[in-house]
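The values are calculated or read from the model by the stated rules, or taken from the named source; none is laboratory data. Given the structure is predicted, the values throughout are model-derived calculations rather than measurements. Note that we place each Cβ from the backbone using ideal geometry, even for glycine, and neighbour counts take in every protein chain shown. Side chains are part of the model used for accessible areas, which takes the heavy atoms of the whole protein and leaves out ligands, DNA and RNA. Shrake-Rupley method; radii C 1.70, N 1.55, O 1.52, S 1.80 Å.
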Amino acid sequence: MAVTIHPTAIVEATAELADGVEVGALAYVGHGVRLGARTKIHHHGSVEGNTSLGCACEVFPYACIGGKTQDLKYKGGNPGVRIGD
């Protein structure tokens, strides 16, 4: 299965996309993100940071996964998000 990336989407060069991944219009996939087979990022979805999505996951429109925390007490590090297998 081929990877499908909409022409208006932004996918950083270091992102890892498995077979069958779909990235919709105006979506963003950041540095170092790993997307499993058949995962779909709908239009305007955003996946960034130290994030790994397993097989057949979906990120729906306007959702933001793995972005910088809004917790002002956070003191640094490289936390991550793992969803699916």
(request) May I ask you to list pairs of residues, at least six apart or on different chains, whose Cβ atoms are under 7 Å apart, with the first in the range 14-31 being without any contact (Cβ under 8 Å) to a residue 60 or more places away in the chain and the second being acidic (Asp, Glu) and assigned to a loop (DSSP other than H, G, I, E, B)? (result) 28/48; 29/12; 30/12; 30/48; 31/12
(request) Output the residue which, of all residues in the range 21-49 that are within 16 Å of residue 85 (Cα to Cα) and not in a strand (DSSP E or B), is nearest to the chain's Cα centre (by Cα). (result) 33
(message) So, residue 56, is that one exposed (fewer than 14 other Cβ atoms within 10 Å of the Cβ), out of contact with any Leu (no Cβ under 9 Å at 6 or more places or on another chain) and on the phi > 0 side of the Ramachandran plot or not?
(response) yes
(message) Restricting to the range 68-85, and then to whatever is open to solvent by less than 70 Å² (accessible area, probe 1.4 Å) and touching a Gly at 6+ places or on another chain (Cβ under 6 Å), can you tell me which residue is farthest from residue 15 (Cα to Cα)?
(response) 84
